[in-house]
Every structure is written in C-alpha cells, then in structure tokens.
Amino acid sequence: VLHFMVDDGKRVSKDGVIAGVYTNESSSITLSQISRLKNKIADTFWKLTLTKHIDKITVKDIVEICGISRQTFYYHFQDIIDVVEWTANREIQTMIVQSLKAKTQEESVRQAVSFFFSHKLIWNKLLTSKSREHFEKMAMNALHKYVAQMIKYKRPDLVMDAEFEIGLHFLTYGLGGL
C-alpha cells in the first residue's frame, strides 16, 4: 500500500488526501502529478474512442500515445474498463458542477441533456461493446448520482429515506429509458 506524507506528518492512503507527496528512496511524486497522469491516460482513451471501437482499444495503444510504461498505466488503473469508469465519473462530476450553477431547474436539465447528447458517440460505442451490461449499469449509476445531487442541492430540506430512494430509482430509470 502506498502512503503519502502530508504537512502534519500523518500517513494516509492515496485516496484519502487532497495534497501530499509520495516518497520512497528513488522518487518523489506529488498528487497533482498523479492526477495529471490519470487525466492524460483518460484523455488519451477518450480521443482513441473517436477512431477505434471501445473493444479494440488496448493498454498498449494508450501507453504508446501517452509515452508511459505499462507499469505506470497499471499503477493508475486496473484495466480499460477502469479507465472508462474513471473518465465517465470525471465527466459526470464536471457536468454536475455546471448544472449546480444553473439558475433554474430547467436550465440544469437542459445542461444535463446537452451533456449526454454531446457524448452520444462514446455512449453508443460503450453500449455496443462486449461489456454493454457493465456500461449500462455505469450509465444508470451516473444518472442516479446526477439526479440525487441535483435534488440534494435544490431541496436540502428533503429527507432522503428509503421511500425517497425508491422514487429516485424510478425517476432515474424513467430518464434513462429516454
């Protein structure tokens, strides 16, 4: 398990810190460098989807374009599906932040719909891949996360109990079926 040193000297896992430095005898890597590498790998994958089908993109393709080793790739991601999930979550989070800035609910929904339509090509490729079932679940989870965060932001007074969660799932699957 890799650990990072933060200013107060506590050792925490890489997923639990926002700022810090990983050190060992031979190297020192900041979390911003790790983030840049993950983004570079994700961006490269995203660009490859414009010219290749998802099932045809390999780790070799990504590492050659990025100019990194396979070891570096596997340090950041388990496999191509992990890259897809991380990239989708990054893009969804960006969309959520933009939607939260909208002045009206209609504008928020318009931004979300625009986001999904602007990424239509990649969604189509994901949904025609060998891992279609996995990607369908990923898309529904992303939509569920979006709707839940929008509701929490717009109506912080609502109690999010089991009954609310049932309604949220119904709404998510209804929207996902569009």
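Taken together, the values in this text are just the output of simple stated rules run on the coordinates, not laboratory data. Not measured: the values here are computed from a predicted model. Cβ placement follows ideal geometry from the backbone for every residue including glycine, while neighbour counts extend to all protein chains displayed.
Worth pointing out:
- Residue separation of K120 and V159 scaled by 0.36 nm, minus their Cα-Cα distance, works out to 10.6 nm of gained length.
- Neighbourhood net charge (11 Å Cβ-Cβ; Lys/Arg +1, Asp/Glu -1) for F73: 0
- At R0 = 25 Å, FRET efficiency that the Cβ-Cβ distance of L50 and R90 yields, to 0.05: 0.90
- Percent breakdown of C-alpha pair distances by 10 Å bin, ordered from the shortest bin, for region 72-178: 13, 42, 32, 12, 1
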